[in-house]
Amino acid sequence: MTNTKTSQSHTRLDSANFDLPVHELRSGYRSAVYFWRTKRILEQDGKEVQITHQLFQKNDRVRVCGTDEAIQILKNATGFYSDYARAQQLFERLLQVKKALNRCSHQHGRPELRTLVDERLELSLKLDVLWVDAFAEISVQSLYDGDELQAGETAMLIEGKYSHFAHLESVYLGVLARRTKICTNSQAVVEAARGKPVLFFTDRFDHFWLQDGDGYAAHLGGMNAVASNAMASWYGEKGMGTIPHAMIVSYQGDSIKAVQKFNQYYPEVNAIALVDFDNDCVRTSVECAHKMGGKLWGVRLDTASDLIDASLANGSSADKLEGVSSALVEKVRTALDAEGFKDVKIVVSGGFNPGKISAFEELAVPVDSYAVGSWILSGQFDFTADAVRLNGKNLAKVGREYLPNPRLEKV
């Protein structure tokens, strides 16, 4: 990495993208309990302390992400309730209504549903009246999403009355850790692919509520496409995808019929045949190309890691032939070219990571696009927040001294 910003770096995400559980954040429901208790102790003890919180992580060559989300959390939940006892009563009822709504919507109880929706809105408005917004009283300096970040370098500084934002520490740290991991790992596979498109397909490997921000982080990391519309929602695009094996099963195991039906109902989308169903990618690729009559954009190889494709059955035992191997891709490319289908592209998926992609590129394996899934979720990119100044004077635990960063920009 070079010490530059990405093209998206000089703007912040629109706050409309963030579906934050505001009342849960303000009430400490999503916070580590000891942070919430610290907030309440300081408030009840009348402890008016100004704290500087310094955020950093310990890895080099990191592409930071989640700063915009963290800032929105601070904007929406920095402050206090004017009447905590009353706010707690309202919030507990709000949680009960939330569960009742979930139960009611499953049972299609429409009259009760409307009543509960109205009550939820009324409770939210009452909580808003009790909330005293103090974001304007704190100062936030931050890097931008997509900026590079080195080990120990300060990514964000938060300064102000500590009781106003003490409860949010674990929340924004978790956001930064998650989004930074996705962004950094995405860039790693993109760099390994040497300019070839890389597709972000983690949807089946993690909780669906994470998709929006993860897709944005992958986009900042250089990914060319994502699996779901939610993943693309923060930057105004749509998800992309081809054919699952279950669709081939639905058409009696006929891979050709499946891609034909895909093209029939989605003619505006590139038709990519999934060709490993019969564990004979060469034969299936050629047959699909012939039957599609020029409408086939590409083929996707997704052979399981414990299988050897039929076309490689007589290969040398010294070669790595299981899964989507370089030998298999070469075989498919050679067969397609020989039949006059040089324009049909090859997409590979299943077990790809920077190491495997780099090895393919070193060997000039004729892959046109890589799809990467579970590896993107690997590794640790934990962030830490340390109190490093008290009332404008340096005060921190040993080894965590105040380290201002000239690259930070005031929010």
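No lab work stands behind these numbers, since they all come straight from the coordinates. Bear in mind the structure is a predicted one, so any value in this text is a computation, not a measurement. Because the Cβ atoms are built from the backbone with ideal geometry, glycine has one as well, and the counts that use them run over all protein chains shown.
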Exercise. So what's the angle, to the nearest 10 degrees on a 0 to 90 scale, between helix 67-77 and the longest Cα principal axis of the chain?
Worked result: 40 degrees
Exercise. Of all DSSP beta bridges in region 183-377, what percent run antiparallel (nearest 5)?
Worked result: 5 percent
For this session: Specify the angular offset, from 0 to 90 degrees and rounded to the nearest 10, of the alpha carbon long axis of helix 211-220 from the longest principal axis of the alpha carbons in the chain.
Result: 70 degrees
Problem set entry | Relative exposure of Ser311, Ser31, Ser142, judged by other C-beta atoms within 10 Å (fewest first) | Ser311, Ser31, Ser142
Exercise. Listing Ser250, Ser378 from the residue with the fewest other Cβ atoms within 10 Å to the one with the most, what is the order?
Worked result: Ser378, Ser250
Exercise. What ranking do Leu312, Leu390, Leu301 get, fewest neighbouring Cβ atoms within 10 angstrom at the top?
Worked result: Leu390, Leu312, Leu301
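Among the DSSP beta bridges whose two residues both lie in the chain, what percent are antiparallel, rounded to the nearest 5?
Of those bridges, close to 65 percent are antiparallel.
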For this session: Just add up the charged neighbours of Ala258: K/R +1, D/E -1, any other residue whose Cβ is under 13 Å from the Cβ of Ala258.
Result: 0
For this session: Identify the GluC sites (Glu not before Pro) of region 221-314 meeting these criteria: DSSP loop state and at most 14 other C-beta atoms within 10 Å of the C-beta.
Result: Glu237, Glu268
Problem set entry | GluC sites (Glu not before Pro) lying in DSSP loop within region 1-101, provided at most 16 other Cβ fall within 10 Å | Glu48
Exercise. Relative to the first principal axis of the alpha-carbon coordinates of the chain, what is the inclination of helix 169-192, with its axis defined by its Cα atoms, in degrees from 0 to 90 and to the nearest 10?
Worked result: 20 degrees
